[in-house]
Amino acid sequence: MGDLTTTLFERLGIILIIAFVMTRTPVFKSLLYRKYSVKMSLVHAAVFGLFGIASTVIGIVIKDDGSVSPALVFFPVDDDEFIVSLSLVAIVIAGLLGRPALGFLAGLISGIHLIFLGGVGGWANGLINPITGLLAGLTARFFSNERVISPWKAFFIGVFPPILHMQLLLIMHSENVDMIGVVDTIGLPLVLTNSAAIAIFTAMIGIVLREQENEAALASKQAFTIAKEALPFLKKDSPVDVANGLADLLYRRLKLAAVSVTNQHQVLAHKGLVEQHQHLASPLAEQAIKMKTIQVTAEKSDLMCTHPKCHLEAAIFIPIIEDDEVTFVIMFYYRKQEHISPVDKMMAQGLGQFLSDQLNMLGTEKLKAHIRDAELRNLQAQINPHFLFNTLQLIAGLSREDPEKARLFTLQLASYMRFNLRLVSKSLVEFERECEHVEAYSAIIQERFRGRLTIDLIKPEELPNVYLPPSTIQPLIENSVQHGLKNTS
């Protein structure tokens, strides 16, 4: 019994290596995400069924003289030989992770293979697999609140399938006098190896789940980082420039099969596989625009691609919303539907929200800036018509009395007007230019109210090199003059 147990544990190492490789595959990870569908259930059943067959192949054969054959079991054995299969490990895991139907189908596949190999107890060996898969699936319902059963619970559950197997052998092959000896020989080693393998397998699954949680955290961080890197592109005025920048960034950072950025009417940028696509006709793209929520498809027909050699089968449609309207739709394309994980969906949704928030923030900032500039320019561009007419009358009168002074004030008025016209194109001017504007205005006003008003303009010899909004000081002087002379004759 000790040699048999040692041999089974050695073969168990091979099974665990296979199990480790399985846990790295997208198909297996989709099972952890509870992605149930008829197609995926058949795929999972086939995968675990083949895993069960592989576990049978690396099993051992007990000959009629009690010796153990270390050879792999590829072909049917003699009628007096007994196959010790480790397929129950795969079937129990299939039932615990999937539904009873998945465990039953996986067990049926591996069970048919065991019946085909024959040997003593061939039918019992074959029937125990679908029965175990069904019972494991029903048992998993008691632990539905747990994403995966703990290793200790799995170890306890793994004790029962080998015991049930031994009972089935004794019931179905009671006429075989050597069956009791076979059960005594393989019973305890099978219980130990199966329980240990199932517990270790569930521990591997727990590690995979923790890795996925870390991936989710990294995906959130990545979405935030990409949104920050996308900020310079979002600031561009041309939608085509925005789309090209986003497509290049997303394709480079996310390693997708392809990325498209569209508006509500046409594709603005495409990066990756199959450059010629017509995906706006896709009902899911239109639904993403209409519902303003991300849409996911795992059906190639939903893409409605017109390209004859399109290798894309799945996609995520991400609407980017600005001012409650869809400005862009970002499309992530995948070669296979298994490549879209819940982490990818979470990252896509977070990225869409980040980009939408940034667009709205930039739009608000631009609107405020435009309103502020418009108000300032409107104020700056306003020229008091009375001031202009009065100044022209002043110059006309001076042209007869003092032509030289009339010429001087004409130049002052020209400088004043030139400054006001240039205000429209600038939001800040040098302090020195503002002072020149004030001097021109003050000179004209003093001449208009000669004898009634004296303005002393004192400024330092060296003006500081600072900038300020244009026409900041002149309105103060104008208001002072108007209110100061209001009640004077």
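The values are calculated or read from the model by the stated rules, or taken from the named source; none is laboratory data. In this text, all values refer to a predicted model and were calculated from it rather than measured experimentally. Positions of Cβ are generated from backbone atoms using ideal geometry, with glycine treated the same way; all protein chains shown enter the neighbour counts. The protein model used for the area step is the full one, side chains on, heavy atoms only, and it has no ligands, DNA or RNA in it. Shrake-Rupley method; radii C 1.70, N 1.55, O 1.52, S 1.80 Å.
Worth pointing out:
- Applying 0.36 nm per residue to the separation of Thr25 and Ala71 and subtracting their alpha-carbon distance, the gain on full extension is 13.7 nm.
- Taking label points 7 Å from Cα along the Cα-to-Cβ direction, Leu392 and Thr6 give a separation of 11.7 nm.
- Estimated distance in nm for a label pair at Lys63 and Asn479, the labels positioned 7 Å out from Cα along Cα-to-Cβ: 11.2
- Using every pair of distinct Cα positions in region 53-111, the Kirkwood expression returns a hydrodynamic radius of 12.4 angstrom.
- Added length on full extension, which subtracts the Cα-Cα distance from 0.36 nm per residue, Asp80 to Val159: 25.7 nm
- Counting only protein heavy atoms and using a 1.4 Å probe, the accessible area of Arg452 comes to about 110 Å².
- Surface accessible to a 1.4 Å probe, Val481 within the full protein complex, Å²: 20
- Label point distance in nm, Asn176-Gln266, each placed 7 Å from Cα along Cα→Cβ: 7.5
- Per atom type, the chain shows carbon and sulfur on 60% of its accessible surface, probed at 1.4 Å.
- Mean Kyte hydropathy of 0.5 or more with a Cα span along the axis of at least 27 Å, helices from DSSP in the chain: 2-23, 38-57, 122-140, 179-229
- Among Ile17, Ile455, the order of accessible area from largest down is Ile17, Ile455, computed with a 1.4 Å probe on protein heavy atoms.
- Length, then width, then depth: along the principal axes, the Cα atoms of region 151-208 run 46, 16, 14 Å.
- In the chain, the inverse of the mean reciprocal separation of distinct Cα atoms equals 29.7 Å; this is its Kirkwood hydrodynamic radius.
- Per-residue packing, averaged as other Cβ atoms within 10 Å, sorts the ranges 347-353, 313-319 into the order 313-319, 347-353, beginning with the highest.
- Size descriptor, Kirkwood hydrodynamic radius, that averages inverse alpha-carbon separations across region 159-264, Å: 19.3
- Taken per residue, the accessible surface of the chain reaches 52 Å², heavy atoms only and a 1.4 Å probe.
- Theoretical gain in end-to-end length, Asp237 to Arg252 [0.36 nm per residue, Cα-Cα removed]: 3.1 nm
- Ranking of Trp123, Trp152 by solvent-accessible surface, largest first: Trp152, Trp123 (1.4 Å probe, protein heavy atoms only, all chains present).
- Accessible area (Å², 1.4 Å probe, nearest 10) - Asp237: 140
- For region 168-270, the relative contact order is 14 percent, taking Cα pairs closer than 8 Å that sit 6 or more residues apart in sequence and dividing their mean separation by the residue count.
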